[in-house]
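Data block below; observations after.
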Amino acid sequence: MSDKNLTCKDCGATFVFTEGEQEFYKEKGFENEPQRCPDCRRARKAQNNRGGNFSRDRR
């Protein structure tokens with residue numbers, strides 16, 4: 001297994017999916033490669049965390 005260059009589906013940047021990350025994904029049982037670069041993953045996670053509790057707060 002070797003490092004892979006992937007393209008982010010959000011910003012179009014090329015990012016490296018390292019051998020270590022590939023092992024981590026394999027150990028966790030993830031079958032798909034990441035589709036977003038680390039920056040876009042962080043931004044998406046922050047966005048999801050901010051708005052994620054809205055439905056619970058309304059009850």
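Please name all residue pairs, on different chains or six or more residues apart, with Cβ atoms under 9 Å, provided the first residue is in region 23-37 and is within 11 Å of T7 (Cβ to Cβ) and the second residue is part of a loop (DSSP other than H, G, I, E, B) and of a type in the set (K, R). These pairs meet every condition: Q35/K9; R36/K9.
Here K45 clears all of (1) of a type in the set (K, R); (2) modelled with pLDDT under 95; (3) farther than 17 Å from C8 by Cα except the condition numbered (3). Taking the conditions (1) at pLDDT 95 or above; (2) exposed (fewer than 11 other Cβ atoms within 10 Å of the Cβ); (3) over 15 Å from the mean Cα position of the chain (by Cα) in turn, K28 satisfies each one other than (3).
Scanning region 6-49 for residues that are touching a strand residue (DSSP E or B) at 6+ places or on another chain (Cβ under 7 Å) and not in a loop (DSSP other than H, G, I, E, B) yields L6, T7, T14, F15, V16, F17, P38.
The values are calculated or read from the model by the stated rules, or taken from the named source; none is laboratory data. Owing to the predicted nature of the structure, the values given are computational and were not obtained by experimental measurement. Note: ideal-geometry Cβ built from the backbone for every residue, glycine included; neighbour counts use all protein chains shown.
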